[in-house]
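The values are calculated or read from the model by the stated rules, or taken from the named source; none is laboratory data. Every value quoted in this text rests on a predicted model; they were computed, and no experiment measured them. Ideal geometry is used to build each Cβ from the backbone, glycine not excepted, and the neighbour counts take in all protein chains shown.
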Amino acid sequence: MKYGLTPEQWQQAVDEVREICIDVAGQRSLITYGEVCKRMRTVNPHPGSYVFQAMLREMCFSEEAAGRGLLCALVVNQSKGIPGAGFFRALGRERPQFADDLQAGWGEECEFLYQYWSEEGAE
């Protein structure tokens, strides 16, 4: 069990977060943490919960390891319109060239994702 979910439930939830983010990328858009949670059907996490953040983090690093970028860049805080501090810490680690301007790095990451998940780059 992981966070009260079976391994199968956990993987389904992580996959669901990925599919939601891919859909958003294909629309060249952003989505709030709350909207991701509302669209989920496998589980119903709270957007600020450790469980949801762990799902998002696992999906994000899995996508990065596969060469598809930090897909979690498209998930933003409703009031601020940008990802949370955890994303920017990860961006600084994964993209050291942006360490001095994480905001610009976030913009470039979003653009990479939009291009990757356009019809030409979609799986």
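Selection of the range 75-118 for residues being closer than 16 Å to Glu64 by Cα, of a type in the set (A, V, I, L, M) and modelled with pLDDT of 95 or more yields Val75, Leu113. Look through the range 58-86, keep the residues that are among the aliphatic types (A, V, I, L, M) and surrounded by 18 or more Cβ atoms within 10 Å (Cβ to Cβ), and return whichever of them is farthest from Asp15 (Cα to Cα). Step by step, filter the range 58-86, then rank; the result is Val76. If you filter the range 28-54 down to residues that are basic (Lys, Arg) and outside any helix (DSSP H, G or I), you find that the one that is farthest from Cys110 (Cα to Cα) is Arg41.
Applying the criterion of being among the aliphatic types (A, V, I, L, M) and part of a helix (DSSP H, G or I) to the residues of the range 94-114, the residue that is nearest to Leu74 (Cα to Cα) is Leu113.
Of the residues contained in the range 59-79, none is found to be more than 23 Å from Ser118 (Cβ to Cβ) and charged (D, E, K, R). Take the residues of the range 9-27 that are among the polar types (S, T, N, Q) and part of a helix (DSSP H, G or I): which is farthest from Leu113 (Cα to Cα)? Result: Gln9. Within the range 89-101, the set of residues being of a type outside the set (D, E, K, R) and under 16 Å from the mean Cα position of the chain (by Cα) comprises Ala90, Leu91, Gly92. When Arg89 is tested against (1) surrounded by 14 or more Cβ atoms within 10 Å (Cβ to Cβ); (2) in a helix (DSSP H, G or I); (3) among the charged types (D, E, K, R), only condition (1) is not met. Considering only residues in the range 92-123 that are of a type in the set (Gly, Ala, Ser) and surrounded by 12 or more Cβ atoms within 10 Å (Cβ to Cβ), the one that is nearest to Tyr50 (Cα to Cα) turns out to be Gly92.
Looking only at the range 65-86, residues that are more than 15 Å from Gly105 (Cα to Cα) and in a helix (DSSP H, G or I) come to 1 in all.
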